[in-house]
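The values are calculated or read from the model by the stated rules, or taken from the named source; none is laboratory data. For clarity, every value in this text was computed on a predicted model and none was experimentally measured. Cβ placement follows ideal geometry from the backbone for every residue including glycine, while neighbour counts extend to all protein chains displayed.
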Amino acid sequence: MNLIRLTKVWNVMIIILAAAIICGCSKQAESSGLTKQAANSAMNPDKPMRIAALSLDAAEAVLELTDPLRVAVLTRSAADPDLAFNADKVSEEIIQIAGATSLDPEKIMSYNADLLIMTKGHEQEKEAAQILEQAGVPLISLDIWDTFEKMEANYHVLGQALGEEETAEQITFEINNKLEAAHQAVAGKEQPSVLVISPVGPGTGPFLIGSSNISYDIVSHAGGNHLADELSLTRSAKASMEALLKTDPDYIILLQWRLGDDSDLEELTEAAGWSTLTAVQSNRVHTMSVKQLLYPNRYNADTVIELARLFHPDAF
């Protein structure tokens with residue numbers, strides 16, 4: 001009698017164990033299926049795969065946000081390491097075209113891009129955008145990147161358009177953290193006066209950079225007083241010794257078009273009167289690259305930190 005009961009108990013236990021194994025296998029298969037489903041969902045077929053970024057600021061952002069394999073066309077300057085931080089990502093397979101001042105809408109359409117991205121910074125870009133929109137080409141016209149606020153907005157627009165919202169959030173979060181660190185360090189400090197001088201192209205000679213450029217916002221966030229307002233400079237203008245002597249800034253920031261090459265600046269730096277400037281006599285002339293200060297990109301936030309340390313060394 002006891003043997004019969006024991007046999008029944010073992011039979012029940014075997015049935016329960018078998019059911020548990022079957023259930024476990026079923027749940028594992030279900031979990032595996034869910035994982036595959038999640039992976040498939042992440043691969044959005046609607047994501048643009050032949051992106052054309054036609055201005056340098058847009059190209060830099062696109063290369064930060066997504067795989068370069070999704071990029072078909074870029075402005076030529078995006079492949080220049082003196083001008084762009086992501087030049088090393090531009091492969092030979094990516095078509096390089098002339099920049100904003102010479103856009104050819106018909107040529108652009110021939111590249112069969114599934115998304116065109118440009119910045120409304122030049123009249124030629126506005127005209128090209130109108131023609132492309134009328135032709136039904138998918139197009140994003142970004143606001144000019146002249147402040148960090150607009151930079152953040154543009155990153156979010158691009159993140160949504162490219163299906164890279166999370167990456168855009170991470171980048172803007174990092175930018176804002178760096179800006180906040182600078183703000184806390186320089187809060188309440190007296191703002192030194194600053195002029196930014198740069199070539200605006202190869203062989204152009206020196207220009208005073210105006211308030212419509214991202215450098216104005218960079219200097220302001222770093223706790224400096226950009227003198228473009230005092231000179232009524234919205235757009236950049238040819239630099240003159242007269243303007244420098246008139247403003248006599250505490251700091252002068254010189255930008256090199258080619259790293260290590262000051263030839264575009266010698267018109268000023270070798271002129272009579274240069275050595276009499278307060279910034280020169282106080283050893284407050286700082287040299288940087290154009291991609292750090294003149295052209296908008298996420299690394300402008302690092303430039304804010306660098307300049308904040310320069311303007312307010314006791315705050316760090």
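Residues being at negative phi and touching an Asp or Glu at 6+ places or on another chain (Cβ under 8 Å): count how many of those fall in the range 156-180. Looking only at that region, the number is 9. So for the range 81-98 (the condition being surrounded by 10 or more Cβ atoms within 10 Å (Cβ to Cβ), modelled with pLDDT of 95 or more and more than 20 Å from the chain's Cα centre (by Cα)), does at least one residue qualify? So far as the range 81-98 goes, yes, one or more of its residues are surrounded by 10 or more Cβ atoms within 10 Å (Cβ to Cβ), modelled with pLDDT of 95 or more and more than 20 Å from the chain's Cα centre (by Cα). Any residue at all in the range 45-52 that's in contact with a helix residue (DSSP H, G or I) (Cβ under 9 Å, 6 or more places away or on another chain), surrounded by 19 or more Cβ atoms within 10 Å (Cβ to Cβ) and part of a strand (DSSP E or B)? Taking every residue of the range 45-52 in turn, at least one turns out to be in contact with a helix residue (DSSP H, G or I) (Cβ under 9 Å, 6 or more places away or on another chain), surrounded by 19 or more Cβ atoms within 10 Å (Cβ to Cβ) and part of a strand (DSSP E or B).
The lone criterion from (1) within 19 Å of VAL62 (Cα to Cα); (2) buried (at least 17 other Cβ atoms within 10 Å of the Cβ); (3) of a type outside the set (Val, Ile, Thr) left unmet by ALA128 is number (1).
Among all positions in the range 139-155, there is at least one residue which is among the hydroxyl-bearing types (Ser, Thr, Tyr) and either more than 13 Å from the chain's Cα centre (by Cα) or assigned to a helix (DSSP H, G or I) (or both).
Among the candidates LEU162, LEU259, LEU158, the residue that is closer than 26 Å to VAL71 by Cβ, exposed (fewer than 15 other Cβ atoms within 10 Å of the Cβ) and either at pLDDT below 95 or within 18 Å of the chain's Cα centre (by Cα) (or both) is uniquely LEU259.
With respect to ARG309, is the statement that it is among the charged types (D, E, K, R), modelled with pLDDT of 95 or more, under 20 Å from ALA228 (Cβ atoms) and not assigned by TED's automatic domain parsing to the domain that holds VAL62 true? Here the answer is no, as ARG309 does not meet what is asked.
Taking the criterion of being in contact with a Gly (Cβ under 9 Å, 6 or more places away or on another chain) and surrounded by fewer than 20 Cβ atoms within 10 Å (Cβ to Cβ), the residues of the range 173-189 that qualify are HIS183, ALA185, ALA187, LYS189. Any residue at all in the range 75-84 that's under 22 Å from ARG258 (Cα atoms), in a strand (DSSP E or B), hydroxyl-bearing (Ser, Thr, Tyr) and not assigned by TED's automatic domain parsing to the domain that holds VAL290? Checked the range 75-84: at least one residue is under 22 Å from ARG258 (Cα atoms), in a strand (DSSP E or B), hydroxyl-bearing (Ser, Thr, Tyr) and not assigned by TED's automatic domain parsing to the domain that holds VAL290. Taking the condition in the same structural domain as VAL285 (by TED's automatic domain parsing), closer than 23 Å to SER275 by Cβ, at pLDDT 95 or above and aliphatic (A, V, I, L, M), does LEU233 pass? Taking the combined requirement at face value, the residue does not satisfy it. Residues that are buried (at least 20 other Cβ atoms within 10 Å of the Cβ) and among the charged types (D, E, K, R) do not occur anywhere in the range 236-247.
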